[in-house]
Every structure is written in structure tokens, then in C-alpha cells.
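Okay, structure first, notes after.
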Amino acid sequence: MSVLVESAVRRRSRSSLLADVTLVLVGSMIVAGLAQLSVRLPFTPVPVTGQTLAVLVVGASLGPVRGGISLLLYLAEGAAGLPVFAEGGAGLAPLLLPSVTGGYLWGFVVAAFVVGSLAERRWDRRLSSAIGAMLLGEIVIFFFGVVWLSAAVGVPGSEALELGLYPFVLGELVKLLVAAGILPAAWKLSTPPDLGRLNLR
């Protein structure tokens, strides 16, 4: 009987690993897809995109490890030449200075980890706490983005805020609310069945 149990556990482990890999890949594809929803504003070098919405949902629904890896995979895909960045951008250049958006891209990884960690602590189970988790994720993204932008264009922090934060506040609040609203469904879709529910007898 123990051999049967061990065999079932091994099959379940392989299935779980495959599910994790699939979710990580799908998460990177979601970010890549929403990155193409991009609008240029005349008063900032940073485009408005759907990436932050994707990052928040992916991080919260996949958790800190899978969410963080999914965003690292997204950056790796872009660095390898796939047109996954905003406006079909690709290559190493968007991830390095003097790119004005590199800080946001690196901030995505940290934000996914932070939001995923809070989701593991069940912040994603209620709308009010989910909004709090999303807000912290947004703060992480824009902290990295604005600091990087300041260095990239050689302006003081106050001007970097005018270029890289203030124009996006209203839109990010809307995306934050949307992400918090769809999170319960995304969490259910990304959660594999519990091993403990298997009948191994």
C-alpha cells in the first residue's frame, strides 16, 4: 500500500510542478499582453500601460514565489528579444540606464513578491485588505520607477515625481480597484487542488 501512496504522491508532485510552470508562464504572458495597452502622454516620457494591473493580479493570485518568478520571466523574455515590453519594446536597453522605464520594470518583480506575500497572509480575501495590498504594490512600483527616472533624465526628485508619478495617480487608482475586484476569481483559478483532498487509501 505504501508503494501505491508513494506513486500517487510522485504523480501529484509532477502534476503540481507542471501546474506551477504553466501558471508562471501564463502570468508573464498576461503582463506582456497588457503591456501593449499603451498610451503616450505629451508631458511625461513614461507611457500609460496596463502592466501595473497585470502585475498586481499576477502577484496576488500566484503568490510571492511564483509571482516573482513570473515577472522575472517576463523581464527575461524581453531581454532575450521578445517584443513583450510596452509598445513592443525588447532587448536589454529598457532594463538599463538611461532607459526612463527601467525602474518600473524592475519594480514589477518586487511588487509581485510583496503583493503575493500579503495575499498569502489572506489580505486578498476581503476587498478592503486587498485594496491595501494593491496600494502597497503600487507604492513599490512607483518608488523604483521614480528613483530610476530621476537618475535616467538627471532631474531632482520633485521633478521626477511630476514626470513619473503625478500623471498616473488617477489611472492607477482605477487599476488598483479593478485588480482588487477581480482578485478572488483569479485566486481560485490559480490555486491547484489540495493534495490532502486526494483519497490515497
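Among the residues of the stretch 107-131, those that are within 12 Å of residue 179 (Cβ to Cβ) and more than 10 Å from the chain's Cα centre (by Cα) comprise 119, 124, 127, 130, 131.
Is at least one residue of the stretch 62-79 modelled with pLDDT of 95 or more, more than 14 Å from the chain's Cα centre (by Cα) and in a loop (DSSP other than H, G, I, E, B)? No: zero hits. Residues that are of a type in the set (Val, Ile, Thr) and farther than 13 Å from residue 46 by Cβ within the stretch 92-125 comprise 109, 110, 114, 115, listed in sequence order.
Selection within the stretch 116-147: residues that are hydroxyl-bearing (Ser, Thr, Tyr) and free of Cβ contacts under 8 Å to residues at least 12 places away in the same chain. The member of this set that is surrounded by the most Cβ atoms within 10 Å (Cβ to Cβ) is 129. Take the residues of the stretch 1-41 that are hydroxyl-bearing (Ser, Thr, Tyr) and within 20 Å of residue 85 (Cα to Cα): which is modelled with the lowest pLDDT? Selected residue: 38.
The values are calculated or read from the model by the stated rules, or taken from the named source; none is laboratory data. Because the structure is a prediction, the values reported are computed rather than measured. Note that each Cβ is placed from the backbone with ideal geometry, even for glycine, and that neighbours are counted across all protein chains shown.
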